[in-house]
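Participant: First the structure, which I've put down as structure tokens, then a few questions once you've had a look.
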Amino acid sequence: MTVNRLRVILILTAFVFIAPDLFSRESLSPVPPGMPRGNSGETVVPESLRNLSFIVLGIWPDNGEYYFLPPIKDAKKAASEAEYRALDEQFYRLNFELSHGNILKMIPEYTRVFIAVPENGKVKGASGREEELMRGYLKSRCGWSEERIKKRINFFKAPSDLVWAQDTSEPIGVDKDGKIIIAADPDNYNDSFGIVKAMAKAYPEYFTILKLGNSLSSEGGDMEVVLTPDNKSAMFLTGRNRVNHYFFRTKGYPLKGIAFSQDMIDDVKQAYSDALFGIKTAVVPEEMLLSPELAADEIFHLDMSVVIMSAGKKVDAFVPTYDNPWKKRDLVSGEVFAPSVIKGWQVEYDAIAGELGRMGYNVLRVPFADHPVRSPANLVKYRDPQTGKSCVLLGKYPFLADDNADTAPQAKMNDSFGALNDAEKQWEQSYSTGAYDYLMQCVDNLWAAMDYSASAKNSLYEKQKAIFEKAGYEVTTVAEYPWGAGGIHCDLQF
């Protein structure tokens with residue numbers, strides 16, 4: 001999912017982990033009992049029951065142009081090689097953490113990381129240094145030794161840069177051999193199908209592709225395998241926009257503004273069910289499909305709307321709400337949202353909560369005050385294989401305070417971005433040692449502002465965290481930054 005067409009990462013995670021030092025095909029099974037099965041031994045596995053045993057990241061091309069950071073590729077011709085390489089390394093590391101937060105510090109120690117490297121000569125902007133730069137980030141920022149990198153990291157070539165990881169495809173479950181089944185369609189954007197194929201080709205012992213027909217979108221941010229309300233089986237849940245895409249692909253209908261009949265919605269459910277081993281399928285919110293004038297364009301993916309999981313007997317559906325005292329504003333621009341905009345978003349969130357409640361889910365509302373792309377529903381959930389606890393990785397964003405603005409984390413970061421951009425312009429005018437030293441000091445100041453954001457108290461985040469903890473979930477805080485991207489769920493596919 002995206003607000004800006006930015007390159008981000010590819011992450012795919014597997015399902016079940018047996019022991020911290022074991023990484024083999026066998027570590028993908030056994031799977032939870034009672035789950036739906038296909039005719040050839042496939043098993044559907046809800047996202048919340050997977051163990052985050054490994055992830056696959058796709059890193060950015062080393063093109064010297066990053067969101068919020070000044071472009072430096074022109075300086076390559078004039079600056080000394082040593083200065084340019086050092087600055088390039090710092091910008092690459094900054095961009096990775098601004099894009100994805102400190103996720104690599106917060107994943108479980110047993111999680112294995114596979115990194116898709118944009119292939120030099122095929123991906124625009126790729127230099128061939130990407131693996132080297134990523135290793136530098138792991139060592140300098142995460143404190144990983146070369147031995148640890150060797151043990152936990154595997155790099156492989158990707159044929160194109162990936163815009164949004166979660167949207168490439170949708171992991172469904174495991175086949176009879178324990179391989180992860182990745183549902184993917186050939187018409188997905190930016191050749192994401194090509195990236196999924198490259199991954200499966202590089203690691204055929206772990207992945208197998210379930211190719212969907214051209215009528216079915218596999219945009220993973222708008223779909224998920226979830227627990228059924230009775231906590232006994234799995235169900236395929238998709239957002240309303242997959243219905244729009246289905247009829248766009250099959251009938252040429254516009255992607256918004258169409259009032260669908262219930263029969264048309266049911267046809268889409270049946271199409272996904274037929275393609276996914278007969279699993280029961282639901283769509284939310286149906287109300288916005290029946291009455292499209294109620295739909296909020298900014299809420300375009302399921303992972304902006306709800307997260308479904310269980311920490312006990314009940315199956316919880318966490319849905320954001322703007323019904324809270326915090327000022328509603330966009331953390332990137334600082335713009336305070338108009339009441340009419342907030343009302344439109346709240347109408348859709350309330351519709352989702354109502355429909356899920358009628359299905360039988362235990363609906364819990366989570367306070368929220370930013371743009372829907374940074375929704376608290378946009379998180380990572382997994383079952384810890386050692387403790388059996390249900391866990392979440394919850395994004396903590398900086399805030400813009402109405403008072404004491406000089407101490408607000410986002411204000412500090414904005415000041416640091418401004419100073420860094422000014423310093424880079426001054427350096428390119430002279431390429432003097434003094435200008436370079438000041439530029440690098442501004443880099444250090446930005447890192448310090450990011451660290452301050454990660455540690456600063458945040459009353460809204462603490463309220464969100466408390467709601468998940470009260471419901472029985474173990475919460476790990478992931479420092480995230482509002483750079484225009486979506487949340488952690490967009491960065492990770494698991």
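The values are calculated or read from the model by the stated rules, or taken from the named source; none is laboratory data. Model, not experiment: these values are computed from the prediction. Glycine gets a Cβ as well: all are built from the backbone with ideal geometry, and neighbour counts include every protein chain shown.
Participant: So Val123 passes all but one of these: (1) buried (at least 17 other Cβ atoms within 10 Å of the Cβ); (2) modelled with pLDDT of 90 or more; (3) of a type outside the set (Phe, Trp, Tyr); (4) within 17 Å of the chain's Cα centre (by Cα). Which condition number does it fail?
Facilitator: Condition not satisfied by Val123: (4).
Participant: Further question: Answer yes or no: is there a residue in region 222-243 that is acidic (Asp, Glu), in a helix (DSSP H, G or I) and under 24 Å from the mean Cα position of the chain (by Cα). Write out each step before concluding.
Facilitator: Keep residues of region 222-243 that are acidic (Asp, Glu), which gives 222, 224, 230.
Those left that are additionally in a helix (DSSP H, G or I): 222.
So of that shortlist, the ones also under 24 Å from the mean Cα position of the chain (by Cα) come out as 222.
Within region 222-243, one or more residues are acidic (Asp, Glu), in a helix (DSSP H, G or I) and under 24 Å from the mean Cα position of the chain (by Cα).
Participant: Looking only at region 133-168, which residues are within 19 Å of Val117 (Cβ to Cβ), at pLDDT 90 or above, assigned to a loop (DSSP other than H, G, I, E, B) and not basic (Lys, Arg)?
Facilitator: Cys142, Trp144, Pro159, listed by residue number.
Participant: Out of (1) hydroxyl-bearing (Ser, Thr, Tyr); (2) touching a strand residue (DSSP E or B) at 6+ places or on another chain (Cβ under 8 Å); (3) assigned to a helix (DSSP H, G or I), what's the single condition that is false for Tyr382?
Facilitator: It fails just one condition, (3).
Participant: Which one of these does Ser273 not meet: (1) in contact with a Leu (Cβ under 8 Å, 6 or more places away or on another chain); (2) of a type in the set (Gly, Ala, Ser); (3) farther than 18 Å from Asp350 by Cβ; (4) not in a loop (DSSP other than H, G, I, E, B)?
Facilitator: Of everything listed in (1) in contact with a Leu (Cβ under 8 Å, 6 or more places away or on another chain); (2) of a type in the set (Gly, Ala, Ser); (3) farther than 18 Å from Asp350 by Cβ; (4) not in a loop (DSSP other than H, G, I, E, B), Ser273 misses just condition (1).
Participant: Can you report the number of residues in region 421-465 which are of a type in the set (A, V, I, L, M, F, W, C) and in contact with a Leu (Cβ under 9 Å, 6 or more places away or on another chain)? Working first, answer last.
Facilitator: Start the filter on region 421-465 by keeping residues that are of a type in the set (A, V, I, L, M, F, W, C), which leaves 423, 427, 435, 439-440, 442-443, 446-450, 454, 456, 460.
Checking which are in contact with a Leu (Cβ under 9 Å, 6 or more places away or on another chain) leaves us with 423, 427, 439-440, 442-443, 446-447, 450.
Looking only at that region, the number is 9.
Participant: Another one. Does region 419-431 contain any residue that is under 22 Å from Ala454 (Cα atoms) and modelled with pLDDT of 95 or more? Don't jump to the end; show me each part of the working.
Facilitator: Initial filter on region 419-431 (under 22 Å from Ala454 (Cα atoms)): 419-420.
With the extra rule that they be modelled with pLDDT of 95 or more, the set shrinks to 419-420.
Within region 419-431 (the criterion being under 22 Å from Ala454 (Cα atoms) and modelled with pLDDT of 95 or more), the answer is yes, since at least one residue qualifies.
To keep it simple, each residue is scored yes or no on (1) buried (at least 16 other Cβ atoms within 10 Å of the Cβ); (2) under 23 Å from the mean Cα position of the chain (by Cα); (3) modelled with pLDDT under 95.
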site	(1), (2), (3)
Ala271	yes, no, no
Ala296	yes, yes, no
Val307	yes, yes, no
Ser310	yes, yes, no
Asp316	yes, yes, no
Asn324	no, no, yes
Arg329	yes, yes, yes
Ser333	no, yes, yes
Asp350	yes, no, no
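Participant: Can you work out which of the residues in region 205-221 that are among the aliphatic types (A, V, I, L, M) and assigned to a strand (DSSP E or B) is surrounded by the fewest Cβ atoms within 10 Å (Cβ to Cβ)?
Facilitator: Ile209
Participant: Does region 276-292 hold any residues that are aliphatic (A, V, I, L, M) and in a helix (DSSP H, G or I), and which are they? Before the answer, list the steps.
Facilitator: Step one: list which residues in region 276-292 are aliphatic (A, V, I, L, M), which gives 276, 279, 282-284, 288-290.
Across region 276-292, the qualifying residues are Met288, Leu289, Leu290.
Participant: Specify the residue that is modelled with the lowest pLDDT; the eligible residues are those in region 181-231 that are charged (D, E, K, R) and under 20 Å from Glu119 (Cα atoms). Spell out how you get there, then give the answer.
Facilitator: Residues of region 181-231 charged (D, E, K, R): 185, 187, 191, 197, 201, 205, 211, 219, 222, 224, 230.
Next, from what is left, pick out any that are under 20 Å from Glu119 (Cα atoms): 191, 197, 201.
On the way: Asp191: 83, Lys197: 91, Lys201: 92.
For region 181-231, the residue satisfying everything is Asp191.
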